[in-house]
Amino acid sequence: MHRLREFNDPIEMAEEAAKRVAGLLYSAIKKDGRASLAVSGGRTPKLFFEALSQKDIPWEKVEIILVDERWVDTYSKDSNERLVKEYLLKNLAKSARFIGLKTKALSAKDGTFEMNSKITPLKWPLDCVVLGMGDDGHTASLFPGTDLSSLLNKHAPGPYIPSWAPYPPRERVTLAPKEIINAHAIVLLLIGDKKKEVFSKALFGKDLEEMPIRLVLEKEVSLEVFWAKDAQTI
């Protein structure tokens, strides 16, 4: 089951999504003494990161990881780590513990073991995963054509696996599908009519390879969708 919330303004959407995620993290801290959050990169979450960074929760008890990462230097404009450090890890959220994914390994495949080793102490299942979606229906770095069914097997590798994008930067790492759907809560951020159209198409189909976003549309998954009109169309 999923819940769709619609907004006329991306700023309002970002604020409401940030309130929801902050509430989830606060509840997890109250229950378990700590909370785990996975966030995505791209253009959509910038306003959300800004809003979330100002929420008054015990950030020192929050551990943040990336849903996926491009295998580029952390100072690159394509680095999700750079994005998170610039837009989220500031204001009140600067005391959160962030665990980056990029290692010194030459390839994502070679760096996977080290990456998975350093995030092992994290709180699993994740308390909250924040996703985006591409116009092709991909989410995280799980692109159309990926055999998601085999990656949902309980013996499939993880928590992170190497992946390959159809456009640069091609080499990436991503949370394995099973780690995404096992999260206590998933928040999906969408902006613009095109994204809403793609999401609506995903609702009327089951083929995961065609549209990986369908991964989070299973009945057992707790999904909240926040959609806003593009500011340019208002």
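Numbers below:
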read-out: Mean Cβ count within 10 Å, highest first, over the residues of peptides 170-181, 100-111; value: 170-181, 100-111
read-out: Relative exposure of Tyr26, Tyr87, Tyr75, judged by other C-beta atoms within 10 Å (fewest first); value: Tyr75, Tyr26, Tyr87
read-out: Order of Asp136, Asp193 under a 10 Å beta carbon neighbour criterion, fewest first; value: Asp193, Asp136
read-out: Percent antiparallel among DSSP beta bridges (both partners in the chain, rounded to 5); value: 25
read-out: Using a Förster distance of 22 Å, the FRET efficiency for Lys77-Asp230 (Cβ separation, nearest 0.05); value: 0.50
read-out: J(HN,Hα) series, region 95-108, from Karplus relation 6.51 cos²θ - 1.76 cosθ + 1.60, nearest Hz, glycine and proline x; value: 8, 5, 8, 9, 10, x, 9, 5, 10, 7, 4, 6, 10, 4
read-out: Listed residue pairs exceeding 20 Å between alpha carbons, taken from Lys61/Lys94; Lys196/Lys229; Lys30/Lys118; value: Lys30/Lys118
read-out: Dimensionless Rg ratio for region 1-102, taking C-alpha atoms and the 2.2 N^0.38 Å reference; value: 1.07
read-out: Fewest-first ranking of Tyr160, Tyr167, using other Cβ atoms within 10 Å as the exposure measure; value: Tyr167, Tyr160
read-out: Distance in nm between pseudo-label sites at Ile11 and Lys46 (7 Å out along the Cβ direction from Cα); value: 1.5
read-out: Region 85-199: translational diffusion in µm²/s, Stokes-Einstein, Kirkwood Rh over Cα pairs, 37 °C, 0.692 mPa s; value: 208
read-out: Highest-first arrangement of 216-224, 138-146, where packing means the average Cβ count within 10 Å; value: 138-146, 216-224
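FYI, it's all coordinate maths here, none of it is from the lab. Values in this document were obtained by computation on a predicted structure and should not be read as measured data. Glycine gets a Cβ as well: all are built from the backbone with ideal geometry, and neighbour counts include every protein chain shown.
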